[in-house]
Structure formats: C-alpha cells, structure tokens
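The structure appears right after this line, and notes come after that.
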Amino acid sequence: MPAPVLRRVREHLELEAHIGGYEAAEEVSDEVESARADVGRLVGAEPRNIAFTEHATASFVQALSSIPFRAGDVLVTSRADYVSNQIQYLSLAERLGIEVLRLPDGPDGTLDLHALEAALQRRRPRAVALSHVPTYAGLVQPAAAVGALCRRHGVLYLLDACQSVGQMPLEVADLGCDFLAATARKFLRGPRGAGFLYVSDRVLDEGLTPLFVDLQGADWVADDVFQPLPDARRFETWEFAYALLLGMGEAARYALDLGLDAIARRTRALSDRLRAGLNGLDAVTVLDEGEDRAAIVPITVRGWRPDALMLALRARGVNTSTLTRASAVLEFDARGVEGALRLSPHYYNTEAEIDEVLRLLDAFLAFASDV
C-alpha cells in the first residue's frame, strides 16, 4: 500500500478506538460517499452505481445471486475464469440445475468470440460471466467485444475485473457489462478486505437484488414486504470495515492522480522486459497466451517446484506467489503442469529490479531443488 493509504486506514482505526465504531462511521459519512465517487471514476461509473463489499469474490457472489436462475438455464463462461467463480458456477449447477457452458479458446488463447455469438443465438443463456484477466496468466480477455455481443442479444454480463482494476483504464460504458467486480488490493494497491461492485442502470431498473439482501440494501416496509434501495447500495451489507473502505477510496484517488494510462504503459513496459528476459532462459517456460497481455507473468522452471522457487526468491528480497493445479485445473491439465510461479511487476518496480530477478533465476538454473 502507498503511504497515504496506510495512513488513512490507521487514522480511522485510531478514531474508532477513541470514540467508538458507530460514532466514527457517522463522522466520516461524507468521506464514504467521496470514496464511492472516486471508486466510480476508476471505471467510469456514477456513484449511484457503486456498491461497497468485502472483496472481489463477495462482489461477484452478490451479482451472481441476483440473477433469477431456473433449472435448465444456461450460464456461459470461459475456460480461463477465476477458480472461485468456476466453483460457484458448479454449485449453481448442482443446486439449481443450470447448465454451465464453457466456451473454447480462440487461436490466441482468449475467448472465442464466434463461439460466443453462436451460443448467444442458439442457447439463449441467462447470463455470460467472464474474468477480464485470469489469475494464472497475463492474457487480457476481449471484454468490450463480449459486452457488445451481450448487449446485442439482451443477455446479462458479469465481468470479474479483480486483476485489471488499477492496472489499466476501464470504462463500463465501453465494456458493456451489467456488473463489474473488483478488489481494493492487487494492482489498485488498497487494503486487503475491501472491494466494490459496479451495477448497471439496467440491473437496477429490472429490480434485481442479491439473494440475501440485508437492512443496508432494503427497507422492511410491512410484515411480508421489503423494498430494495433504488441504487447499487442494495448490493451492500450493513457492516463495513470503514477503515478499509476509506483506504480503498484513498487508493482510488492515488491511482487516478497517477493516471491509469500512465500506469498501463509502465506495467506493460516492465512486464514486456521481464517476458523477453525469461524467454532467453532455456529452462524457463512462460505460460502466457494472448496478444494483449497484462502484468501477470506465470512461469515454470525445469528442476524447480514453484513453492521452492518462491521461497528462494523471497530469501533474496523478491516477492512472488505460486499457483497450484487447483488454481487453473483446465489450463494446467491441458499444459501438463502441476503449478506455476507468478511474477507480477507493478509501476513502482524498476528496470534494475526486473533484471535482478532474471539474474537470480539464471543463477538458480545451475542447480535444481527437486534432486
């Protein structure tokens, strides 16, 4: 987290400790709405279309639960969707009897748009759900093209932008999505434990509400009647981690001040430098697809388990993360790999740091952790 984000989180926690949680929330109510406006600016949305949540998955669940699925309905998705989303689709199939239709990849590894159009015409799905950038690879899905097709056919479109918010410019009008789920952390550099959900006017006008709406999102107006709020707040729950929410607002302002276009150029330049260096190492395989690539670079290294490689790099001051087979069953099984190391440079990294990672990996190739 940047220093202003950390400072704002600490300040609110100190306020809660001094005067109490309810009182502190009342004192920052105007700032909460400012944070809503600033988070909306990240994706080109009005404040009324932004709901605050605990994280990207909570946002996605709220959106998914608002769709009135019935037995026999079709949910269209990709092979590359985030693992939690894939599990939720399977849970809906088991509980409600819907069909989960995973479309094939096109030649470049992204979602096959011809297959999507055919599915929209012939299968008349209830919804299309897509992860903009998969957790296990740097490919960027053609989210705007998917949105245009969904609009043409009148199909609800859920976009998981957990990995793309804060990394690249996004405009919900261009993306054509009805929902966009995101986190405060990752490339946005906000605190862990906060997220947001964009909800389109179409969704609000149709009266969709999450399955388990609570007193934040609706009014109990009669014995057996509740009335949802008119805006995206119907997707919120009453209990907030206000310190984290305010930190997310600060992170949004920080990114907007830097400029999303500038951030995108910088992350692309650093990840391109990293990929070029990795491709020059014989024992390293970059598990990337797609022509448009984000700053997530997954690799396997012959003779090294991903977890051992992560620890070896961490001991030398390099932070990475690992992916297991469970993170991407379809893609990893197709590639015959059990996992990968994920390298994710961001704009604050330097060219020298990228080169140092490459130097370390080259040095590690002299010996293997598995033998």
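The values are calculated or read from the model by the stated rules, or taken from the named source; none is laboratory data. This one's a predicted model, so the numbers in the text were calculated from it and none came from an experiment. For neighbour counting, all protein chains shown are included, and Cβ atoms are generated from backbone atoms with ideal geometry for every residue, glycine included.
Given the criterion surrounded by fewer than 21 Cβ atoms within 10 Å (Cβ to Cβ) and not β-branched (Val, Ile, Thr), identify the matching residue among Ser34, Ser59, Ser66.
Working: Ser59 fails: surrounded by fewer than 21 Cβ atoms within 10 Å (Cβ to Cβ); Ser66 fails: surrounded by fewer than 21 Cβ atoms within 10 Å (Cβ to Cβ).
When all the criteria are applied, what remains is Ser34.
If you go through segment 314-371 and keep only what is of a type in the set (Val, Ile, Thr) and in contact (Cβ under 8 Å) with a residue 60 or more places away in the chain, you end up with Val329, Ile354, Val357, Val371.
The rows are residues; the columns are (1) on the phi > 0 side of the Ramachandran plot; (2) among the aliphatic types (A, V, I, L, M); (3) outside the structural domain of Arg293 (by TED's automatic domain parsing).
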position: Ala232; (1), (2), (3): no, yes, yes
position: Glu236; (1), (2), (3): no, no, yes
position: Ala241; (1), (2), (3): no, yes, yes
position: Gly247; (1), (2), (3): no, no, yes
position: Ala251; (1), (2), (3): no, yes, yes
position: Ser271; (1), (2), (3): no, no, no
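When the test is whether a residue is outside the structural domain of Pro306 (by TED's automatic domain parsing) and in contact (Cβ under 8 Å) with a residue 60 or more places away in the chain, Val128 does not pass it. Of the strands (runs of 3 or more DSSP E) lying entirely inside segment 294-355, not one contains at least 2 residues that are of a type in the set (Asp, Glu).
Among the numbered conditions (1) of a type in the set (Val, Ile, Thr); (2) under 26 Å from Val76 (Cβ atoms); (3) without any contact (Cβ under 8 Å) to a residue 60 or more places away in the chain, the only one that Thr183 does not meet is (3). Taking first residues from segment 258-286 that are farther than 24 Å from Pro306 by Cα and partners that are assigned to a helix (DSSP H, G or I), the Cβ contacts under 7 Å between residues at least 6 apart in sequence or on separate chains come to Ile263/Ala255.
Hey, could you check segment 69-102 for residues that are closer than 19 Å to Ser164 by Cβ and of a type outside the set (A, V, I, L, M, F, W, C) and say which is surrounded by the fewest Cβ atoms within 10 Å (Cβ to Cβ)?
Looking only at segment 69-102, we keep the residues that are closer than 19 Å to Ser164 by Cβ, and these are 77-86.
When the remaining residues are screened for being of a type outside the set (A, V, I, L, M, F, W, C), the result is 77-79, 81-82, 84-86.
On the way: Thr77: 21, Ser78: 24, Arg79: 18, Asp81: 23, Tyr82: 25, Ser84: 16, Asn85: 23, Gln86: 21.
Result: Ser84.
So, Leu188, is that one closer than 22 Å to Gln88 by Cα, in the same structural domain as Arg70 (by TED's automatic domain parsing) and aliphatic (A, V, I, L, M) or not? Give the steps one after another, and end with the answer.
Working: closer than 22 Å to Gln88 by Cα: no; in the same structural domain as Arg70 (by TED's automatic domain parsing): yes; aliphatic (A, V, I, L, M): yes.
When the stated conditions are applied, Leu188 does not pass them.
Against the condition basic (Lys, Arg) and either under 30 Å from Arg151 (Cβ atoms) or modelled with pLDDT under 95 (or both), how does Arg202 come out, does it pass? Yes: the conditions hold for Arg202.
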